[in-house]
Amino acid sequence: MNRSIERNADRTRTRGASPVLKAVGVLDHIARAPGPVTLADLSAGTALPKPTTHRLARMLETAGMLHRDPLTRRYAVGPALVALSFHALRSAPASPHRHVLLERLSERLGETVNLGVLSGAEILYLDRVESRWPLRMDFKPGSRVPFHCTANGKLLVAFARPPMRERLLRPKTFPAHTPSTITSRAALGRELAEIRRRGYSEDNEEFLIGVCCLAVPVRERRGSVVAGLAVSAPSARFNLERARSYLPDLVTAAAELGAALEAERHGDGG
């Protein structure tokens with residue numbers, strides 16, 4: 001179905017919907033928007049009268065599901081909605097096709113691979129396949145790690161929208177997890193700029209002593225980065241030079257994962 005036809009059908013359903021479904025329609029419109037939206041945009045996008053839209057937006061803002069910028073008065077996704085989304089992702093069964101792609105990559109590289117998304121100032125692991133080596137890290141899907149000292153975290157913040165990146169870089173210093181952790185805002189900002197330039201991210205024992213990681217972006221069809229794909233292993237057998245030799249495999253797998261996520265989004269995935 002054509003996207004504009006789908007949007008028109010959604011607006012038609014919203015007009016005659018119950019208050020609950022109207023509120024869901026407001027959340028859906030804001031979650032899909034490329035950036036914060038005005039009340040007028042929200043009213044037009046949901047085909048609801050402006051007073052109704054305002055009432056629903058205020059209610060959702062009070063519940064933390066929406067956030068309204070006090071200066072621009074535009075609405076964006078709120079912290080409670082972000083938390084709900086990631087709880088749903090964590091509780092939902094992993095896509096079999098997506099997991100198979102990770103298994104194949106782990107088998108090919110011989111190391112642990114994971115798929116992560118940005119959740120606040122942390123990375124949430126959506127899926128993970130451990131290597132068969134006896135010496136390995138044991139993080140489960142649903143685990144969270146800091147953004148500033150992990151390959152996936154730095155990658156996803158580097159490619160995040162500028163307002164989100166600026167918000168996450170607001171602290172002047174960040175906690176040190178190892179002697180290699182980047183702790184200053186200025187140094188971290190330079191690192192993120194370098195990641196955007198070269199297209200991948202590295203963690204050289206910045207989160208865990210003796211562990212190296214490398215991450216590449218997973219993009220949707222239109223090019224936006226929606227997740228990070230990382231390989232990690234003890235540095236005793238896996239230094240960054242070796243990790244970089246895996247870049248072609250990681251980039252190929254990231255493209256396959258992006259296509260799989262796009263298919264899942266539109267109901268075509270297994």
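Since every read-out is calculated from the coordinates, none of them should be taken as a lab result. What you see is a predicted model; the values in this text were computed from it and never measured. FYI the Cβ positions are ideal-geometry reconstructions off the backbone, even for glycines, and counts take in every protein chain you see.
Which shape class applies to the range 194-259: rounded if a/c is under 1.5, otherwise prolate when a/b exceeds b/c and oblate if not, where a ≥ b ≥ c are the square roots of the Cα gyration tensor eigenvalues? Prolate, because a/c is 1.5 or more and a/b exceeds b/c. For the range 185-226, GluC sites (Glu not before Pro) are listed when DSSP marks them as loop and at most 12 other Cβ atoms sit within 10 Å of their Cβ; the list is empty. Extending 7 Å from Cα along the Cβ direction at SER180 and again at ALA40 yields two label points whose distance is 5.3 nm. The slack in the chain from ALA80 to THR52, taken as 0.36 nm per residue of separation less the alpha-carbon distance, amounts to 7.9 nm.
Taking 0.36 nm per residue of sequence separation and removing the Cα-Cα distance, the THR62/ALA193 pair yields an extension gain of 43.6 nm. Using a Förster distance of 41 Å, how high is the FRET efficiency between ARG32 and ALA236, based on the Cβ-Cβ distance and rounded to 0.05? With R0 = 41 Å, the Cβ-Cβ based efficiency is 0.35. Note on ARG108/LEU71: beta-carbon distance plugged into 1/(1 + (r/R0)^6) with R0 of 45 Å gives a FRET efficiency of 0.35. With the simple spin-label model, which puts each label point 7 Å out from Cα in the Cβ direction, the VAL100 to GLU130 separation comes to 2.4 nm. Give, as a single signed number, the net charge of other residues whose beta carbon lies under 13 Å from the beta carbon of LEU102, with Lys and Arg counted +1 and Asp and Glu -1. Result for the neighbourhood of LEU102: -3.
Here the convex hull built on the C-alpha positions of the range 93-265 has a volume of 110 cubic angstrom per residue.
Under the simplified labelling scheme, the ILE209-LEU247 pair shows an inter-label distance of 3.0 nm, with each label point 7 Å from Cα along Cα→Cβ.
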